[in-house]
Amino acid sequence: MEIAYDKHNINKVFSSTHIHIDFYQREYKWDKDTVTRLIDDIFYRFDSAYSEYRNLTANKENVENKYPWYFMNTYVTNESGKTYIVDGQQRLTTLSLILISLYHLCDKYNLRKQQDWLRTKIAGVGPGGEKQYWLGHERRIEIMQTLFEQSEPAGNLMDRDITAKNMFENYKTINGELHKRLETKQKLDTFIYYFLLRIVMINLEVEQKNVAMVFEVINDRGIRLNPYEINC
């Protein structure tokens, strides 16, 4: 069985590849407690370094040299003309919500360059010049657009789509946590560098013929994990 692997930071994970969510993937099910635990874990690592280096200028060199990298987990993809997520969509979806929240938080401190950087991690330009969210499924476009543009959810979106409802509720949780924890311009600026450059995931790429087997092993026969450790 051929498996290729590579180490990616968040800046690389959400770059120029549209990651598709296949039909067999479950709805987005993470709840408030799971999301809060993930944020707690990220900030435990970040705050321990920030307390020592808070007086440093927020830039790529200082963060890469002073802040230890943090291994978040793995995610599994399959290339078959398009890139499909086999395992990890719960975590990647949550990370995309964090990116959107950080993007809007930049308005508070007028961090325009950082905001431009974050915009490229959320969406790019697809065929025909249309906006294309990097982590996507056609059913998610409406809720992603709602969050990105800070508009109100349309009509009965929350009632007819459990994924949209959970994304909307978790975004509110994330937004509240980030506003509370990133209380200065310098800390937000530093955290954006840390989040994009020092949080690392391992991408495992499996062949199409092995996707079903890998998915079954991960979800049915693997070690039982805590909710916040489950990737899909």
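The values are calculated or read from the model by the stated rules, or taken from the named source; none is laboratory data. Predicted, not measured: the structure shown is a model, and the values here were computed from it. With ideal geometry, Cβ positions are generated from the backbone for all residues, glycine too; neighbour counts draw on all protein chains shown.
Some points to look at:
- Qualifying residue in segment 65-76 (condition: charged (D, E, K, R) and under 21 Å from residue 13 (Cα atoms)): no
- Hits in segment 63-103 - residues which are buried (at least 17 other Cβ atoms within 10 Å of the Cβ) and at pLDDT 95 or above: 63, 67, 94, 95, 96, 97, 98, 99, 100, 101, 102, 103
- Taken over segment 121-148, the criterion of being in a helix (DSSP H, G or I), of a type outside the set (S, T, N, Q) and over 19 Å from residue 8 (Cβ atoms) is satisfied by 127, 128, 129, 138, 139, 140, 141, 142, 143, 144, 147, 148.
- Among residues of segment 168-198, those that are aromatic (Phe, Trp, Tyr) and in contact with a Ser or Thr (Cβ under 9 Å, 6 or more places away or on another chain), counted: 2
- Test: residue 218 is at pLDDT 95 or above, in a helix (DSSP H, G or I) and either loosely packed, with under 14 Cβ neighbours inside 10 Å or within 22 Å of the chain's Cα centre (by Cα) (or both): no
- Residue count, segment 37-80 (criterion: under 19 Å from residue 114 (Cα atoms) and in contact with an Asp or Glu (Cβ under 6 Å, 6 or more places away or on another chain)): 1
- Scope segment 111-140; condition touching a residue at least 24 places away in the same chain (Cβ under 8 Å) and at positive phi; matching residues: none
Residues are listed down the side, and each one gets a yes or a no for (1) under 21 Å from the mean Cα position of the chain (by Cα); (2) crowded, with 18+ Cβ neighbours inside 10 Å; (3) at pLDDT 75 or above:
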site: 142; (1), (2), (3): yes, no, yes
site: 157; (1), (2), (3): no, no, yes
site: 160; (1), (2), (3): no, no, yes
site: 165; (1), (2), (3): yes, no, yes
site: 171; (1), (2), (3): yes, yes, yes
site: 189; (1), (2), (3): yes, yes, yes
site: 213; (1), (2), (3): no, no, no
site: 225; (1), (2), (3): yes, no, no
site: 230; (1), (2), (3): yes, yes, no
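- Test: residue in segment 43-51 that is within 17 Å of residue 204 (Cα to Cα) and either at pLDDT 95 or above or of a type outside the set (Gly, Ala, Ser) (or both): no
- Residue within segment 104-113 that is over 15 Å from the mean Cα position of the chain (by Cα) and of a type in the set (A, V, I, L, M) present: yes
- When residues of segment 104-132 are limited to those that are under 18 Å from residue 18 (Cβ atoms) and crowded, with 16+ Cβ neighbours inside 10 Å, the one modelled with the lowest pLDDT: 124
- Tally, over segment 146-165, of residues that are in contact (Cβ under 8 Å) with a residue 12 or more places away in the chain and out of contact with any helix residue (DSSP H, G or I) (no Cβ under 9 Å at 6 or more places or on another chain): 1
- Residue satisfying all of: in segment 22-52; more than 14 Å from the chain's Cα centre (by Cα) and outside any helix (DSSP H, G or I); surrounded by the fewest Cβ atoms within 10 Å (Cβ to Cβ) among these: 23
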